[in-house]
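A short write-up of the structure that comes next.
The values are calculated or read from the model by the stated rules, or taken from the named source; none is laboratory data. Note that the structure is predicted; figures quoted are calculated from it, not measured. Methodologically, a virtual Cβ is constructed for each residue, glycine included, from the backbone with ideal geometry; neighbour enumeration extends over all protein chains shown. Protein only, heavy atoms only, side chains kept; ligands, DNA and RNA dropped before computing areas. Shrake-Rupley method; radii C 1.70, N 1.55, O 1.52, S 1.80 Å.
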Amino acid sequence: MRVLGIESSCDETGIALYDGERGLLGHALHSQVAMHAEYGGVVPELASRDHIRRALPLTRRVLEQAGCTLADVDAIAYTQGPGLAGALLVGASVAHGLGVALGLPVVGVHHLEGHLLSPRLADPKPEFPFIALLVSGGHTQLMRVDGVGRYRLLGETLDDAAGEAFDKTAQLLGLGYPGGPAISRLAEDGDAYRYKLPRPMLNSGDLDFSFAGLKTAVLTLVKREGLKHAADIAAAFQLAAVEVLAAKAIEAMRQSGLDRLVVAGGVGANKQLRERLDAEARRRRFEVYYPPLDLCTDNGAMIAYAGALRLAGAGPGDGRFSIRPRWDLGELAAP
Ligand SMILES: Nc1ncnc2c1ncn2[C@@H]1O[C@H](COP(=O)(O)OP(=O)(O)OP(=O)(O)O)[C@@H](O)[C@H]1O
Ligand SMILES: [Mg+2]
């Protein structure tokens with residue numbers, strides 16, 4: 001079974017072909033970061049228009065990479081939500097257009113379920129059940145995952161997401177977007193202990209997070225110190241964020257008694273977070289799994305993969321479809 005995956009929920013067009021037996025056959029991504037850069041954030045209308053331009057050329061590229069043609073595709077998966085409505089509509093239209101033309105089943109995928117299951121595209125892949133730390137640009141959640149569609153929220157951020165905190169801190173330090181990789185690079189030359197930043201909710205006794213106060217602390221620091229020691233500020237911020245994320249993930253492992261931790265979402269690409277979690281895992285004897293580095297941020301592969309797991313029962317597309325710009329992961333059920 002070969003599934004073509006289409007991701008277009010925000011500012012990345014991601015296309016991939018996933019084979020149930022052979023794994024990922026090809027994937028391609030176009031990031032709109034440069035296009036939105038001059039506006040300081042994603043412009044939804046520009047995002048939609050760019051998805052229209054990219055979706056089919058990327059699809060051709062992926063099929064070529066995989067040595068396949070459209071005739072080799074058995075089903076189509078697309079991001080149905082959550083995300084920007086206009087951007088989602090492009091992926092949904094392309095998916096259903098192809099579905100009708102080729103007489104193939106079409107399945108709508110929850111973007112976060114894609115992120116959540118993406119570590120299973122790595123080898124070795126985590127078996128269920130596991131604890132998932134989902135750390136992306138819009139979400140910071142700890143979840144217990146007992147199987148596809150069997151998700152229980154254990155804790156989440158009360159304000160900013162971890163990725164958002166990286167992005168806003170990067171902005172304060174005059175770095176570009178996305179902030180995560182830029183902070184991480186700058187922090188390499190910094191002294192994480194020159195400044196002490198708060199670890200919000202570290203001892204709150206629950207599995208929730210808060211990052212707004214950390215961002216405000218950076219703002220206050222930058223106002224006081226200027227950007228003379230920007231690398232030290234970046235390092236102090238990264239250390240504070242990583243410590244809180246790691247501590248809560250470890251607490252979730254302890255409370256659940258499970259021995260597999262899965263990290264997903266863009267912040268999961270952070271080297272320091274990976275090093276910290278790997279060290280804790282060795283010490284506490286649990287396994288930790290990450291998606292392949294290029295599949296941490298938005299991509300088509302995770303959508304194709306989640307689609308493959310959710311295909312059962314999907315009939316040939318009839319061209320009718322909906323998108324769900326707001327969609328709570330808790331509404332999903334097992335396939
Ligand atoms: N190496 C890194 N270190 C820290 N943060 C990173 C790194 N690489 C990427 N990020 C952050 O990851 C985020 C993007 O991740 P992702 O694409 O998973 O999120 P999103 O799709 O924007 O959000 P969501 O999936 O919640 O809607 C950005 O905030 C970016 O700064
Ligand atoms: Mg995402």
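Worth a mention:
- The one condition in (1) away from ligand 1 (no atom under 16 Å from the Cβ); (2) modelled with pLDDT under 95 that residue 69 fails to fulfil: (2)
- Scanning region 123-138 for residues that are farther than 21 Å from residue 250 by Cβ and away from ligand 1 (no atom under 16 Å from the Cβ) yields 123, 124, 125.
- Within region 177-191, considering residues that are within 22 Å of the chain's Cα centre (by Cα) and not in a helix (DSSP H, G or I), the one farthest from ligand 1 (Cβ to nearest atom): 177
- Residue within region 264-274 that is free of Cβ contacts under 8 Å to residues at least 60 places away in the same chain and away from ligand 1 (no atom under 15 Å from the Cβ) present: no
- Residue in region 16-28 that is within 13 Å of residue 78 (Cα to Cα), at pLDDT 95 or above and within 16 Å of ligand 2 (Cβ to nearest atom) present: yes
- Here residue 121 fits the description: within 16 Å of ligand 2 (Cβ to nearest atom), open to solvent by less than 50 Å² (accessible area, probe 1.4 Å), farther than 30 Å from residue 219 by Cα and touching a residue at least 40 places away in the same chain (Cβ under 8 Å).
- Flag for residue 207 being surrounded by 15 or more Cβ atoms within 10 Å (Cβ to Cβ), assigned by TED's automatic domain parsing to the domain that holds residue 274 and not in a helix (DSSP H, G or I): yes
- Test: residue 313 is farther than 15 Å from residue 130 by Cβ and out of contact with any Phe, Trp or Tyr (no Cβ under 8 Å at 6 or more places or on another chain): yes
- Criterion violated by residue 270 - all others in (1) surrounded by 17 or more Cβ atoms within 10 Å (Cβ to Cβ); (2) away from ligand 2 (no atom under 16 Å from the Cβ) satisfied: (2)
- Reported count of residues in region 245-258, each being outside any helix (DSSP H, G or I) and surrounded by 23 or more Cβ atoms within 10 Å (Cβ to Cβ), is 0.
- Criterion applied to 277, 273, 261 was being in a strand (DSSP E or B) and either modelled with pLDDT under 95 or more than 10 Å from the chain's Cα centre (by Cα) (or both), and the one residue passing it is 261.
- Restricting attention to region 29-56, the residues being within 16 Å of ligand 2 (Cβ to nearest atom) and either in contact with a Gly (Cβ under 9 Å, 6 or more places away or on another chain) or of a type in the set (S, T, N, Q) (or both) number 8.
- With respect to the conditions (1) open to solvent by 70 Å² or more (accessible area, probe 1.4 Å); (2) touching a helix residue (DSSP H, G or I) at 6+ places or on another chain (Cβ under 8 Å), residue 152 falls short on a single one, namely (2).
- Verdict on residue 138 being open to solvent by 10 Å² or more (accessible area, probe 1.4 Å), within 16 Å of ligand 2 (Cβ to nearest atom) and part of a loop (DSSP other than H, G, I, E, B): yes
- Residue in region 96-114 that is at pLDDT 95 or above, within 14 Å of ligand 2 (Cβ to nearest atom) and hydrophobic (A, V, I, L, M, F, W, C) present: yes
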